[in-house]
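The values are calculated or read from the model by the stated rules, or taken from the named source; none is laboratory data. All figures in this text were calculated on a predicted structure; none of them were measured in a lab. Cβ: placed from backbone, ideal geometry, glycine included. Neighbour counts: every protein chain shown. To get the accessible areas, we keep the full protein, side chains included, count just its heavy atoms, and leave off ligands, DNA and RNA. Shrake-Rupley method; radii C 1.70, N 1.55, O 1.52, S 1.80 Å.
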Amino acid sequence: MTWTMNGIFRIAVTLLFCSVASLTRVHAQIDSARFDRPSLCLMMIAHPEQAFGKEIEIVFREMDMPERFNDHSLGVRVVKFPTDKQTSTEESIMRFADHAQLAKKMVAKWFGRDKNTGSFNTYLFHERGLYNATKSDWENVRHTIMGAALLADAGEKLISHTFLVMCEFTYNRAYSTKSNADSHSNVRSQTIDVSNAEAVDEYNNYLYQKDNRLKQFELTCTSYLYRLDWNDSVANEFYMRYYMENADPDKAAAFQQDQSTFKLSYVGNCTDKEVMNNPDGRYTNQQLIKSVCIRLRDKNIATLQHAHPEFRIKSLLSGTNPLKADIGLKEDVTPDSRYEVLMPVFSKNGTYTYQRVGVIQPVAGQIWDNRYMVENHDKQGESDATTFKQVSGGEIVPGMLIKEMDIK
């Protein structure tokens, strides 16, 4: 008998749902929100010769992963490309991705590859919330279906929602090392000669002296979005040729040598600017730089999600009287935004699709300001969610999901 991976997934799904049939509808909706959560690898292109370049790099290395994504980091956060005016940034990123085999490393992380033996496991799928299956449910199903079966159509629903975002911050304004400079006046340069110790000392003295606190800081960031190619063909190749739970030197060597099966596809890019004022000098330069970098990273991700539906996240409605969800200005929510309210509908074989229940719109003046380092979240008091109004559809209950719609 010939087994396809899709067939294995369906059987795994059926067995799993027999064991967790007592889940309520709302509980299933919450779990499916976790299940569909995109996984993100986030990197930065460094420019150490740029003014504030080293400080930006330090901030980026210490940034937490955006909370609405699964952290799929590969151990490298910052990369530097050779200066080549003939090669576009997109080309440089793809060359780096191919040389470093980022796509294969993403797959290896999904399957918990043991670097010593080359063996794999499927524990990460359970950790990331496959329908809230218990550990015993997981073990029973995993060992029943050929050991390689993934629960709940995981190959399609999880791995294919794995992304790489490569950020490139640019400081376009000149800085000054004159002690009487109050901001970016008295133009000197927007780059420093990192090989010149005197220039570096002068720069550091300017940056870290209390009297030289910046009155304003502005950055531009271009982020490039890539998606891991994972389809039936790639999945079958992986399972049939490489997947093993017990050491197999031949399979381990074959996987290590494969340089063509696993790829990333370029999705698109976006560019945003962010500026933060510091007129009374209450923030240190380091605090100012950190705030602008984090806000700009979040703004870029929101812009990419506006432009590319496959990168959009689903959020949970946290309340229905009134309608509320914990998204806000950080996700670029505006009074003109529209969100469809979704309910997962399960089939007999365990797969599911989303059914639109209604459409909601943010209430003007009640959009949560959840951006980094915002002191006054809400003029009317502390707020931790955005309030919505329903513009169409039927009954909406807590635990349903919302997803941004294109505005036409």
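Of all residues in segment 271-284, at least one satisfies being open to solvent by 60 Å² or more (accessible area, probe 1.4 Å), at pLDDT 95 or above and either touching a Cys at 6+ places or on another chain (Cβ under 7 Å) or not aromatic (Phe, Trp, Tyr) (or both). Scanning segment 304-326 for residues that are open to solvent by less than 40 Å² (accessible area, probe 1.4 Å) and closer than 22 Å to residue 221 by Cα returns 304, 305, 308, 311, 312, 313. On inspection, residue 316 fails the criterion of being farther than 23 Å from residue 72 by Cβ and not charged (D, E, K, R).
None of 330, 273, 324 is touching a strand residue (DSSP E or B) at 6+ places or on another chain (Cβ under 9 Å), of a type in the set (Lys, Arg), closer than 15 Å to residue 386 by Cα and not in a loop (DSSP other than H, G, I, E, B) except 324. Here is the figure for segment 65-89: residues that are more than 24 Å from residue 234 (Cα to Cα), out of contact with any Lys or Arg (no Cβ under 9 Å at 6 or more places or on another chain) and touching a residue at least 12 places away in the same chain (Cβ under 8 Å) total 5. Of the set (1) of a type in the set (A, V, I, L, M, F, W, C); (2) at pLDDT below 90; (3) part of a helix (DSSP H, G or I); (4) open to solvent by less than 20 Å² (accessible area, probe 1.4 Å), all apply to residue 133 but (3). Summed over segment 230-260, residues that are crowded, with 16+ Cβ neighbours inside 10 Å and under 22 Å from residue 166 (Cα atoms) total 1. Residue selection: residue 301 fails the criterion of being in contact (Cβ under 8 Å) with a residue 12 or more places away in the chain, open to solvent by 20 Å² or more (accessible area, probe 1.4 Å), of a type in the set (A, V, I, L, M) and closer than 14 Å to residue 163 by Cβ.
A single member of 391, 341 is surrounded by fewer than 18 Cβ atoms within 10 Å (Cβ to Cβ), out of contact with any Ser or Thr (no Cβ under 7 Å at 6 or more places or on another chain) and modelled with pLDDT of 90 or more, and it is 391.
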